[in-house]
Amino acid sequence: MPIMVHCSCGKRMGVSDKLAGRTIKCPACGDPLEVAATAPPAAGTGRKAVKKPSASPAIYISKGQIILLVSVSVAVILGLMFYFGPVRVWNQWEGIGDKAGSDVSDVVSFGLQAYLSEQGMYNPKQRTTPAVDGPVHFFRPTLVMSMPEKVRFFGMTSQGQFQGYYHPATGEIDADVAYGGMTFAGAVALAKSTGIFHMTGRMANGFPQAEVNGVPLKIVAPDDSGQ
C-alpha cells in the first residue's frame, strides 16, 4: 500500500511501503524527505483472529460412575467400621472369655460355700461340696463397637441356678445365686431351690473373694468342741 509523502516545496507523491522509515530526496527540489513508518492496521481491519473453541473437560464422570464410587466408598467405610468394631470386640472376648468363665466359676463356688457355711447349711468337712456344676454361659458381645462395661452370664450350681454380670475391665462379678435345691450334671433340677442371695466378688492374687451387702464372706467350719 503506497505511503503519501509531502515536501515543503509543495510536492506530493506516493512511495512504496517498502521505503517506510527511510529518507528519500524530493524529485522536485532535492530536499531530503522522511517516509513515515507504516502504521498498524486500525481496529476491525485486516485479518480477523480465529476464536479457538473452548477446551472440553479433561475428565468426564457420568452419573452412574458417581453412584458406583459412592457405593464403593460406603461399602469400604462400613467394612472398616465392622472390622474395627464388632470383629475387634469379638477377638478381644476370645482372648478373655475362658478366664472370665473360670473366674466366675471359682468366685460363685466360693461365695456359695461361704454363705451356706455362715448360715449353718454347709460343713466344709463334709464330702459333698456345693459348687458350680457345668460351664458358665455368657451372652458374649456382638455387633458392638467397643467392649461393654459388663457382660451377662448364667449357669448352674449343685444347688440351683445363678446369673449375673462380669465386668471385663475390672474382673468384678455380680451374681444372684440360688441355694437349697439339688441339680444333676449341671442341667436338671431335681429339687427346687429354697432361697437366693446376691453377692459380689473377684479373683485377687489367684484366690476368690466375695461379699454380701459389702460384708466379706468366709468359709466357716463348725466348732467340733461344741457338738
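Taken together, the values in this text are just the output of simple stated rules run on the coordinates, not laboratory data. Bear in mind the structure is a predicted one, so any value in this text is a computation, not a measurement. Note that we place each Cβ from the backbone using ideal geometry, even for glycine, and neighbour counts take in every protein chain shown.
The listed residues are Gly120, Gly171, Gly111, Gly164, and the only one of them that is touching a helix residue (DSSP H, G or I) at 6+ places or on another chain (Cβ under 9 Å), small (Gly, Ala, Ser) and farther than 30 Å from Met81 by Cβ turns out to be Gly164.
What are the residues in segment 95-118 that are among the charged types (D, E, K, R) and either assigned to a loop (DSSP other than H, G, I, E, B) or touching a residue at least 40 places away in the same chain (Cβ under 8 Å) (or both), if any? Scanning segment 95-118 gives Asp103, Asp106, Glu118. Note on segment 119-227: enclosed strands (runs of 3 or more DSSP E) holding 2 or more residues that are more than 40 Å from the chain's Cα centre (by Cα) are 173-179, 182-184, 188-191, 195-204.
Checking every residue in segment 186-203 against the condition of being hydrophobic (A, V, I, L, M, F, W, C), more than 30 Å from Asn91 (Cα to Cα) and touching a His at 6+ places or on another chain (Cβ under 8 Å) gives zero matches.
Looking only at segment 185-208, residues that are farther than 16 Å from Val132 by Cβ, surrounded by 15 or more Cβ atoms within 10 Å (Cβ to Cβ) and not small (Gly, Ala, Ser) come to 1 in all.
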